[in-house]
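First comes the structure, then the notes that go with it.
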Amino acid sequence: MTKIVNHWIGGKTAEGASGTYGPVTDPATGEVTTKVAFATVEEVDAAVAAAKDAYRTWGQSSLARRTAVMFRFRALLDEHRDEIAALITAEHGKVHSDALGEVARGLEIVDLACGITVQLKGELSTQVASRVDVAAIRQPLGVVAGITPFNFPAMVPMWMFPIAIACGNTFVLKPSEKDPSASVRLAELLAEAGLPDGVFNVVHGDKVAVDRLLEHPDVKAVSFVGSTPIARYIHTTASANGKRVQALGGAKNHMLVLPDADLDAAADAAVSAAYGSAGERCMAISAVVAVGSVGDALVEKIRERAEKIKIGPGSDPASEMGPLITRAHRDKVASYVTGAAAEGAEVVLDGTGYTVEGHEDGHWIGISLLDRVPTTAKAYQDEIFGPVLCVLRVETYDEGVALINASPFGNGTAIFTRDGGAARRFQLEIEAGMVGVNVPIPVPVGYHSFGGWKDSLFGDHHIYGNDGTHFYTRGKVVTTRWPDPADAPTGVDLGFPRNH
């Protein structure tokens, strides 16, 4: 019997009323295992109404109460991490170790939410004028929404809702319809942790649900992670409706390898960063820029390592890389490889014909490595979101930096070198929001913020860290003047001397 994933509204399961369902497949087999209910406008409105009603009390609740819930949620999340990872593998396809890593990175942000009291401390200036004090405080916004992608169905929601809720907001999540089960399980654990009904809600669906959240007058802020075209649309539409927006878009992350680099370390890093999680992550390295004479040796080392990667079902402990999320996405990724030679690239490894015995209907694609890729090729210009690595050749450091800075994306980048001076120049000169020095995927820890530049981010705030706290709160400045008790009217004795 096909599993059905319904909405979570007001602290309980809400069966889909639209009669419209989306298919959820097991990427390893191609079999439809689950149906997910698609929300109507009315169902989105019901979720927002539940969140608005819950905000009346949650927004006034104590910091102690909010963080207590987060501590209990963290314990439950840790206890159930294998279960959540299994849900991710079943619907996304990534191997179990990758799925566990995703849960662990989400836990980092829950840790931050547990200590949100430090981030919410205000400021006070006394005696700015005679008997006048000024205090700056931060207060929650109200109902906020998150729209999250398929590639990290647990981690990216946890980049948003723990901080939002700990700050006193209530939350409506619209997760990807391709792998929705993890989000509902998180909602159940939040309820078990004691979160009041309506503080966290989940509605599934497509553009109908998204557009209603973007225009709903009671939604005060929208967080989004996904492709650049959709991020731009989210930012434009939600901003036009008066909402605060953080919309994280796509990427084309470069790794610059200088002639003095440790090529074995660089090759290891390139392989793990390009092909981990089948390349379905916005921080994947998808372009290696080889400087000077290192190109041939580096490509050979990458090829040797890539050919050894074990591809198979995510549930198989021996698998190092799983399938892609859907058949359509698999075919799109393959098209970049099959068309690469005609655009001037050298195809070193072609994974488009890969299949797994006994799982022939799965969404399989093997490792692809393209060398001497021109910047005019689609394989270089587009965010492929699959296990395809492009290698570009340049003669100098300056040429490499110019190439990277010419990209419309500015999410993450890395340099591999033994030269501290070169690394220092790179981190200052490169136009990207996150930079790694001999670190291929420079995703910040939870107490720093994640976000790119240029077409990789729309809005002023990065996600989680201090930026996350600021995004989910509003500043207020209070100027106070009190008369001195000694100035009380005659006849009122407060015990203060009157000879000051």
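The values are calculated or read from the model by the stated rules, or taken from the named source; none is laboratory data. All of these numbers come straight from a predicted model, not from anything done at the bench. Ideal geometry is used to build each Cβ from the backbone, glycine not excepted, and the neighbour counts take in all protein chains shown. Calculation scope for accessible area: heavy atoms of the full protein, side chains included, ligands and nucleic acids excluded. Shrake-Rupley method; radii C 1.70, N 1.55, O 1.52, S 1.80 Å.
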**OP:** At 7 Å along the Cα-to-beta-carbon direction for both D382 and A342, put a label point, then send me their distance in nm to one decimal.
**Re:** 1.2 nm
Original post:
Quick one: Debye curve from the C-alpha atoms of the range 1-46, no solvent, what's log10 I(q)/I(0) at q = 0.18, 0.29, 0.30 Å⁻¹?
Top reply: -0.57, -1.02, -1.06
Original post:
Per-residue HN-Hα couplings for the range 255-271, Karplus 6.51 cos²θ - 1.76 cosθ + 1.60 at θ = phi - 60°, whole Hz, x for Gly and Pro?
Top reply: 10, 8, 10, 7, x, 8, 5, 6, 5, 5, 5, 5, 5, 4, 5, 4, 5
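Taking every pair of alpha-carbon atoms in the range 50-121, give the share separated by more than 19 Å as a whole percent.
On the way: 1253 of 2556 pairs.
Of all Cα-Cα pairs in the range 50-121, 49 percent lie more than 19 Å apart.
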Original post:
So for the range 84-138, what percent of the C-alpha to C-alpha distances run longer than 19 Å?
Top reply: 58 percent
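Using DSSP, restrict attention to beta bridges with both residues in the chain and report what percent are antiparallel, rounded to the nearest 5. Write out the running numbers ahead of the final one.
Working: 31 of 74 bridges.
DSSP beta bridges in the chain are roughly 40 percent antiparallel.
Let me know the whole percent of all Cα-Cα pairs from the range 2-140 that are separated by more than 18 Å.
Values: 6981 of 9591 pairs.
In whole percent, the long-distance tail amounts to 73.
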Original post:
What ³J(HN,Hα) values, in whole Hz, does the Karplus curve 6.51 cos²θ - 1.76 cosθ + 1.60 give for the range 65-79 when θ = phi - 60°, with x put for Gly and Pro?
Top reply: 5, 5, 5, 4, 4, 5, 5, 5, 4, 4, 5, 5, 4, 5, 5
Original post:
Which links in K207/K243; K121/K220; K35/K207; K174/K220; K35/K178; K308/K378 stretch past 20 Å when you go from one Cα to the other?
Top reply: K121/K220; K308/K378
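Counting helices only, and only those DSSP H runs with n ≥ 4, report the 222 nm mean residue ellipticity of the chain as the sum of -39,500 (n - 2.57) divided by its residues, in deg cm²/dmol to the nearest 500.
Details: 16 runs with 183 residues, N = 500.
Calculated at 222 nm, the ellipticity per residue is -11000 deg cm²/dmol.
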Original post:
For q = 0.13, 0.14 Å⁻¹, what log10 I(q)/I(0) does the range 270-328 give under the Debye formula with an equal point scatterer on each alpha carbon and no solvent?
Top reply: -0.41, -0.47
Original post:
At what distance in nm do the modelled label points of D133 and E360 sit from each other, each positioned 7 Å from its Cα along Cα→Cβ?
Top reply: 7.7 nm
Original post:
In sequence order, what are the phi-derived ³J(HN,Hα) couplings for the range 340-347 according to the Karplus relation 6.51 cos²θ - 1.76 cosθ + 1.60 with θ = phi - 60°, rounded to whole Hz, with x for glycine and proline?
Top reply: 5, 4, 5, 9, x, 8, 9, 8
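At a temperature of 10 °C and a viscosity of 1.306 mPa s, determine how fast the chain diffuses translationally according to Stokes-Einstein, using the Kirkwood radius over alpha-carbon pairs as Rh; express D in µm²/s, rounded to the nearest whole number. Working shown, then result.
Working: Rh = 24.2 Å.
Estimated via Stokes-Einstein, D reaches 66 µm²/s.
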**OP:** Show the residues, 5+ positions off or on another chain, whose built amide H is closer than 5 Å to the amide H of G436.
**Re:** T413, A414, I415
Subject >> Nonlocal amide H pairs with S286, under 5 Å, H built at 1.01 Å >> reply: N253
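So how do 179-187, 393-401 stack up, highest first, on mean other-Cβ count within 10 Å? Please report the intermediate quantities before stating the final value.
On the way: 179-187: 25.2, 393-401: 16.9.
Ranking, from highest mean packing down: 179-187, 393-401.
For the range 116-204, with every protein chain kept in place, what is the accessible area per residue (1.4 Å probe, Å²)?
On the way: 2490 Å² over 89 residues.
Counting only protein heavy atoms, the per-residue value for the range 116-204 is 28 Å².
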**OP:** Taking just the C-alpha trace of the range 173-247, give me its Rg and Dmax in Å.
**Re:** 13.3, 38
**OP:** Could you pull out every residue, at least 5 positions away or on a different chain, whose amide H is within less than 5 Å of the one on A17? Hs are placed 1.01 Å off N in the peptide plane, and Pro or chain starts have none.
**Re:** T40
Original post:
For K52, what charge total do you get from the other residues with a beta carbon under 12 Å from its beta carbon, if Lys and Arg give +1 and Asp and Glu give -1?
Top reply: -1
**OP:** Express the carbon and sulfur contribution to the solvent-accessible surface of the range 284-361 as a percent, rounded to the nearest whole number, probe 1.4 angstrom.
**Re:** 48 percent
